[in-house]
Amino acid sequence: MRISSGKFKGREIGEKRLFGIKKGKDELRPTPSKVREALFDILRSELEGSCFLDLYAGTGAIGIEAASRGAGRIVFVEAVRFRSDAIEREIKKVKFEARVEIHCDEADTFLAKVSRASEHFDIIFADPPYASEEIEKILPLIEEYGILDVKGVIVFEHSKKKKMPERFGTLACKRQYRYGDTMLTLYRKEG
């Protein structure tokens, strides 16, 4: 995989061994490059200087792309240790450690921690395993913990077969984008 734009444009990322394991929680399904490019076109006006949370980070491609395009602080959350370690190695290669945090945690555990620390994010990107029930688990937590900034945005990447709620508490679905079998669903706070 290559970074498509910004400071690290053209840089190859993602260690080959990350793609070898194909079972359960260890299965990796990287965001296709056309979907990554579309995501950052959607977020273009909000990215500069933002605090960006990459949940279910996998290879770290989304967060590294956010860093390349001007995000101010990037937080990676990846539950699989060898993947979070690989993200750390990638960050060191691009010499971007000062603006990055990497957490080896389950998404719900991490969200509880940042809630207690009263942290907020401008952009939350979540790409859980398609066949899981993770979206149903973390959407209520994001709402309950109030970690999304008032003018922030949440983007879920999911299968086109997944039905997303129009509304959840103060979070309202604003737009959906389809790219083949992949959907990006965008939520913002209302009220």
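At a glance:
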| quantity | calculated |
| --- | --- |
| Conditions (1) surrounded by fewer than 15 Cβ atoms within 10 Å (Cβ to Cβ); (2) under 15 Å from the mean Cα position of the chain (by Cα); (3) at pLDDT 90 or above; number of the one not met by Ser45 | (2) |
| Hits in segment 132-188 - residues which are under 16 Å from Leu53 (Cβ atoms), among the basic types (Lys, Arg) and in contact with a strand residue (DSSP E or B) (Cβ under 6 Å, 6 or more places away or on another chain) | Arg188 |
| Of all residues in segment 104-121 being without any contact (Cβ under 8 Å) to a residue 12 or more places away in the chain and assigned to a helix (DSSP H, G or I), the one that is surrounded by the fewest Cβ atoms within 10 Å (Cβ to Cβ) | Arg116 |
| Selection from segment 70-92 of residues that are free of Cβ contacts under 8 Å to residues at least 24 places away in the same chain and of a type in the set (Lys, Arg) | Arg81, Lys92 |
| One residue from Ile64, Ile21, Ile91 being more than 15 Å from Phe125 (Cα to Cα), in contact with a strand residue (DSSP E or B) (Cβ under 9 Å, 6 or more places away or on another chain) and modelled with pLDDT under 95 | Ile91 |
| Residue ID - surrounded by the fewest Cβ atoms within 10 Å (Cβ to Cβ), chosen from residues in segment 78-102 that are in a helix (DSSP H, G or I) and among the β-branched types (Val, Ile, Thr) | Ile91 |
| Residue that is farthest from Lys137 (Cα to Cα), among those in segment 147-191 that are β-branched (Val, Ile, Thr) and surrounded by 15 or more Cβ atoms within 10 Å (Cβ to Cβ) | Thr182 |
| Test for Thr185: is it modelled with pLDDT of 95 or more and farther than 16 Å from Gly63 by Cβ | yes |
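The values are calculated or read from the model by the stated rules, or taken from the named source; none is laboratory data. What you see is a predicted model, and the numbers here were worked out from it, not measured in a lab. For neighbour counting, all protein chains shown are included, and Cβ atoms are generated from backbone atoms with ideal geometry for every residue, glycine included.
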